[in-house]
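Here's the structure, in structure tokens; my notes come after.
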Amino acid sequence: MPVKKVIKKEKEIEKKDAIEEVKIPVVAVENEIDLVDDMGDDDISMEIAKTIRETAGKPDRYLEAIGRRKTSVARVRLFTKGDKEFIVNNKPYQTYFQTVEDQESAVASMKKMKCLDKFRITVVVKGGGHRAQAEAIRHGTARVLVDFNVNFRKRLRKAGFLTRDPRMRERKKFGLRRARRAPQWAKR
């Protein structure tokens, strides 16, 4: 038998032995409360254990939609329970957006349906500038409102909030200074 085959077989046997040694019995935990009780309150502070027990019941239900504009993407979640607030990247929308135009644009679809103070809305937005992010949030909130109530679709469509604005910056091509700007031509 060649030496390589013997070495391979020995390694396979070692791997099998190692796998058998590592196997640990898995105990099924029905919910988070049992897990916390097993850990003991000495390891976890009393406040954390209390909040875990409180939230172990029904999870918060929400509707989710994605809004896009240029290169920015906004993931919008609409909660029916909880504080009635509008949060963008863990900040109130008034502090996240500096200009009034961006603030108005971000909540335009909510104001159109007169439900800005009726839901808790959390948004995670990435990419693009502030204007594009505000318009992506507007697009996402309009989509999530349609998921919440189909009757909102007609008014939001008429306002243009459900249409994804496809205008983007054109990419730069090689040999050119910008997307289409050619280098200056010299006769001599």
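Yes or no: the range 129-150 includes at least one residue that is part of a helix (DSSP H, G or I), more than 18 Å from Arg164 (Cβ to Cβ) and of a type in the set (Lys, Arg).
In the first step, residues of the range 129-150 are kept if they are part of a helix (DSSP H, G or I); the result is 130-148, 150.
Next, only the ones that are more than 18 Å from Arg164 (Cβ to Cβ) stay: 130, 148, 150.
Cutting the leftovers down to of a type in the set (Lys, Arg) gives us none.
Scanning the range 129-150, I find no residue that is part of a helix (DSSP H, G or I), more than 18 Å from Arg164 (Cβ to Cβ) and of a type in the set (Lys, Arg), so the answer is no.
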Quick check: anything in the range 99-113 in a helix (DSSP H, G or I), more than 15 Å from Ala65 (Cβ to Cβ) and hydroxyl-bearing (Ser, Thr, Tyr)?
yes
Contact list, first residue from the range 106-128 and within 13 Å of Ile87 (Cβ to Cβ), second anywhere and among the acidic types (Asp, Glu), beta-carbon distance below 6 Å, six or more apart or interchain, is Arg120/Asp83; Arg120/Glu85
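For (1) modelled with pLDDT of 95 or more; (2) aromatic (Phe, Trp, Tyr), each residue gets a yes or a no:
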position: Lys126; (1), (2): yes, no
position: Ala136; (1), (2): yes, no
position: Arg143; (1), (2): yes, no
position: Phe152; (1), (2): no, yes
position: Asp165; (1), (2): no, no
position: Arg188; (1), (2): no, no
Looking only at the range 69-93, and only at residues there that are within 12 Å of the chain's Cα centre (by Cα) and not polar (S, T, N, Q), the one that is farthest from Met110 (Cα to Cα):
Val73
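The values are calculated or read from the model by the stated rules, or taken from the named source; none is laboratory data. Bear in mind that the values here come from a model prediction, so they are computed numbers and not experimental data. Here Cβ is always computed from backbone atoms with ideal geometry, including for glycine, and neighbour counts include all displayed protein chains.
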